[in-house]
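Below is one structure, written out as structure tokens, with a few remarks after it.
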Amino acid sequence: MSSYEIFVIVFIMALVMVLGGSVIGLLLSPKSKNNQKGEQYESGIPTRGTSWMQFKVGYYLIAILFLMFDVEAVLLFPWAVIMKGMGVEGLYAVSFFLVVLILGLAYAWRKGALEWK
Amino acid sequence: MDYSQFLLMKPEISLALTLIVLLIADLFMGEKSKQYFQPLALVLFAAHTAINFCDCCGGSCMAGQSEAFSGMYITSNIHVFVKNMLNVGTLLVFLFSFEWNKKENKEHIAEFYLLMMATLFGMYLMISCGDFLLFYIGLETASIPMATLVALNKKRNESAEAAAKYILTAGFSSSVMLFGISLIYGSCGGSLYFCDVVKNFTAEPFQILAMIFFMAGVAFKISLVPFHLWTADTYQGAPTSVTAYLSVMSKGAAAFAFMVIMWKAFSNIDVKSTFVSWTNILWWIIVITITVGNIFAIRQKNLKRFLAFSSISQAGYIMLGLMSGTAEGMGSMVYYILVYLFTNLGAFGIISNIEDKSGKVGMDDYNGLYETNPKMAVVMMLAMFSLAGIPPFAGFWSKFFIFASAAQAGEYLLVFLALANTIISLYYYLLVVKAMFINKSDTPIATFKSDKMSLIGITVCTVGFLFLGFISQIYEQIIAWSFGI
């Protein structure tokens, strides 16, 4: 049996398992309907209003600043793992990266992006 | 790592330093010293321009091409020359926007300069790329701040609309292009360096598909038909100086980078069909671009929209330089961009000057301009003549050389079609001249005195498009620096 045939069999089995499970569930399970069941899950709070509404642009600024530090952390992790191997050169590169980021934060701070107006 | 590689990136480093110094200056300047920001930015950028210009012209010429970062970054004399051209153009845009910044853009002066330089930095990277990744990064660095610049006039709805259209098309085009690049990566041996791609590029259908996706993405940036639909609205809604920047610098840089990539990555000399396949596609794109740009330009009543369509057809002419694949092709294209830079910026300088003073941009508003502002009208006329390609002006010579390079490659039909289109373009360029000189108006634009900065800029542009055609050393030098496939 070649590897492709095994793949086909596994693929068909997967389809049968998944579809069969849900079809049997549909046929056998007892059903009850009410409005609350149809709502999106919002951590237990009832949803209200439409999603097409205006909200404060300040959220965006905070989100973007958060993203900046999020990405920064993601980029720092791999460096932290091999910090000793990279030596002083790695330290310089990362400090340059941090300086540029801090400059961006300083800019945002100075322009009042952190004040909640 | 070999840190001496950074020495090759002189233009990038000096631009980045200028940018960072200005950013820090903006952060620490108080309310009172804010008025000195603009002169400081101008002086620093002029210094950057001058240093790089001297570096390019005075002595330190490179022999051939040099690489840095294992082929990621490529530079040579022609690359540095194109960067210098962009510097001069950006400086001219800064001069034109000096008065506008003072009056209408008080709150965001620093952002205007910083974002302009950031886009310029992206263009530098685009020009010098030796790898699809660096090209992509450069392209994004150039286009994301650009959207912010288009939206700079945020109190006006049109500006916001223009920015929305720009950012949506930019996002869409770069996703198409990224898909193309990923297909190239998959089908050309798992490398994105141009020198590796070209070896494995054998014009299989799959690779042609990848190449077309890539071409479509770049064509959005150069606004070639059928990817031009954002151009008119964005140009109209953006602040005029940003429009000028968008129509010349962004287009010129993308066109040069496009040429280098098509030649380096998609032209395998052993497999002749690779060159033939993309020149065939480009043939049709050029014909459609020039024709559609010209025909739509005829019916425009708003001068910024009018110049948008004119710049679409000019982009078609610029693309003629790609057809031959020789050093003459590259040289004539760079020369075309150089002349186009001075001419189009001259026209935009006058439009933005008049818009600042009177708020009018319609073609009908220009009726009778010769009687109230004769000097402006004459310079505008000369710029229009140069754009149309009437003999004594530089626009004629640039068109002449670029047609000659395409004809050398045997593309006679293409050159004929382009020539026929030049005649159509003459009609609509002369419409502007007719409005200024012949049409009478009851309410012409009042006589005004323009500010010094704009005057300097317009003078430089005028000198550029009047005399560039007569100084043959420039063209010869460009040809000597250029390279073919």
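Read the figures in this text as sums done on the coordinates, not as results from a lab. Source: prediction; values computed, not measured. All Cβ positions, even for glycine, are placed from backbone atoms using ideal geometry, and neighbour counts span all protein chains on display.
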*Listed residue (A:LEU61, A:SER22, A:GLN40) projecting farthest to the positive dipole end of the stretch A:3-110, Cβ model*: A:GLN40
*From the backbone phi of the stretch A:96-101, what are the Karplus-calculated ³J(HN,Hα) couplings (6.51 cos²θ - 1.76 cosθ + 1.60, θ = phi - 60°) in whole Hz, Gly and Pro given as x?*
4, 4, 5, 4, 4, 5
*Expressed as cubic angstrom per residue, what is the convex hull volume of the alpha carbon set of chain B?*
134 Å³
*To the nearest 500 deg cm²/dmol, what mean residue ellipticity at 222 nm is calculated for the protein assembly as shown from DSSP H runs of n ≥ 4 alone, each contributing -39,500 (n - 2.57), summed and divided by the residues?*
-24500 deg cm²/dmol
_Using the basic label-point model (7 angstrom from Cα toward the beta carbon), what is the A:TYR4 to B:GLN5 distance in nanometres?_
4.3 nm
*What is the set of long-range amide H partners of B:ASP131 at a cut-off below 5 Å, with H atoms built 1.01 Å from backbone N?*
B:PHE194
*Spin-label model distance (nm) - B:THR202 vs B:ASN302, 7 Å beyond Cα toward Cβ*: 5.2 nm
*Can you quote the Å³ per residue value for the convex hull of the Cα atoms in the stretch A:1-57, rounded to an integer?*
194 Å³
*Roughly how big is chain B's charge dipole about its Cα centre, with Cβ charges of +1 (Lys, Arg) and -1 (Asp, Glu), in debye to the nearest 20?*
980 debye
*What FRET efficiency comes out for the pair B:LYS106/A:LEU75, r = Cβ-Cβ distance, R0 = 30 Å, nearest 0.05?*
0.20
*Each label point is 7 Å from the Cα along the Cα-to-Cβ direction; what then is the distance between the points at B:LEU40 and B:PHE416, in nm?*
6.1 nm
*Within straight-line cross-link reach of B:LYS103, lysines at Cα separation under 23 Å, skipping those fewer than 8 residues along the same chain*: A:LYS111, B:LYS32, B:LYS34, B:LYS154, B:LYS155, B:LYS304, B:LYS357, B:LYS360, B:LYS449, B:LYS452
_From the Cα trace of the stretch B:271-361, what convex hull volume per residue do you get, rounded to a whole Å³?_
78 Å³
